[in-house]
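The values are calculated or read from the model by the stated rules, or taken from the named source; none is laboratory data. Here the structure is a predicted model, which means the values were calculated and not measured. Glycine also receives a Cβ, built like all others from the backbone with ideal geometry; neighbour counts cover every protein chain displayed.
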Amino acid sequence: MKRKIKTEKLRASMLELCGEINEDDGIDPRTYFKSKRNRKENRKTKQLCQQVARTLNLCLNDCDDSIVQSMFLVGVVPAPDSSCLLIHVECDLTDFDPDTALIAIRNQTARLQFEISRAIHRKRVPNLTFSVSQANSGGPGNE
């Protein structure tokens, strides 16, 4: 009840100063007119993800592990920023075991990071985190 009275008094005092109340009245203009752009989705981060994706597409087939050779890249996204990238891969094996596939791709992480460091021009190579699923498994992207 007290809050309603306080809101009505605030509204009455604002109406004394102007003819009508708009959505931006009483809001700091620095925050109201601030760019709505998401920091994680900037151009350089997208460019880095594309460069890493191109490099990984070439490197996955060159690995000496048959499980990794059967994998193909689905996507690369920053997680939570460009210092760490989440790599989504799908495995095209009939006898798919997610734990074995994840171990196989993690064993190749050092070599993949080396190839990425050769392909991109950055001071630091991003950390790689992998997500492995079976191809055509009916996951959230295949419904």
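Across region 41-56, what is the total count of residues that are at pLDDT below 85 and surrounded by 13 or more Cβ atoms within 10 Å (Cβ to Cβ)? Residues meeting the conditions: 1. The single residue among GLU115, GLU90 that is part of a strand (DSSP E or B) and of a type in the set (Asp, Glu) turns out to be GLU90. Looking at VAL74, VAL125, VAL68, just one residue is in the same structural domain as LEU48 (by TED's automatic domain parsing) and touching an Asp or Glu at 6+ places or on another chain (Cβ under 7 Å), and that residue is VAL74. Could you check region 57-90 and list, in sequence order, the residues that are in contact with a Pro (Cβ under 7 Å, 6 or more places away or on another chain) and crowded, with 18+ Cβ neighbours inside 10 Å? If the condition is that a residue be in contact with a Pro (Cβ under 7 Å, 6 or more places away or on another chain) and crowded, with 18+ Cβ neighbours inside 10 Å, then SER82, LEU85 are the ones that fit.
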